[in-house]
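The values are calculated or read from the model by the stated rules, or taken from the named source; none is laboratory data. On a predicted model such as this, the values are computed, not experimentally measured, just so you know. FYI the Cβ positions are ideal-geometry reconstructions off the backbone, even for glycines, and counts take in every protein chain you see.
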């Protein structure tokens, strides 16, 4: 009984609220775009996002390995791969070259691990190949962090452009050209 009464009150209240007319605005209003055209981003923020996230990931990896918390170490290891690109993502860009370099570093390091299984104690080849893989990984990390401010500059240049926005009014509609110079 109470449930049916609550449902009836809800339906009656909703019907009355929907019957009220919307306030009319004499000013033309522009429809909100589904995606904001963007705002000016900070190069410093992009740089420090990459540095901070990378430092946190390497710290988590080191602490997890030192304290035998394998979960922490695994999260830190994945973080060292993804974190350097946070400044690039902040700028709305995918971290292409840096990720590819880190991926190449992982591949070369895996190849060194495969070589180590076929070598005896006096074989130094796997150590050289592993060092090369580590070099690629570090190069990709530095590249991702260092190029983030340039990606922000590229983003900010695109913000200063023209946009076409639909304008909707009760008695007319059209488009508006909006520019930032």
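I'd like to check something: does the stretch 73-82 contain any residue that is without any contact (Cβ under 8 Å) to a residue 12 or more places away in the chain, assigned to a helix (DSSP H, G or I) and in contact with a helix residue (DSSP H, G or I) (Cβ under 7 Å, 6 or more places away or on another chain)? Checked the stretch 73-82: no residue is without any contact (Cβ under 8 Å) to a residue 12 or more places away in the chain, assigned to a helix (DSSP H, G or I) and in contact with a helix residue (DSSP H, G or I) (Cβ under 7 Å, 6 or more places away or on another chain).
The requirement of being in the same structural domain as residue 50 (by TED's automatic domain parsing) and either under 16 Å from residue 80 (Cβ atoms) or modelled with pLDDT of 90 or more (or both) is not satisfied by residue 102.
I'd like to know if the stretch 103-116 contains one or more residues that are part of a loop (DSSP other than H, G, I, E, B) and touching a helix residue (DSSP H, G or I) at 6+ places or on another chain (Cβ under 6 Å). For the stretch 103-116, residues part of a loop (DSSP other than H, G, I, E, B) and touching a helix residue (DSSP H, G or I) at 6+ places or on another chain (Cβ under 6 Å): absent.
Within the stretch 54-67, not a single residue is within 17 Å of the chain's Cα centre (by Cα), touching a residue at least 40 places away in the same chain (Cβ under 8 Å) and exposed (fewer than 15 other Cβ atoms within 10 Å of the Cβ).
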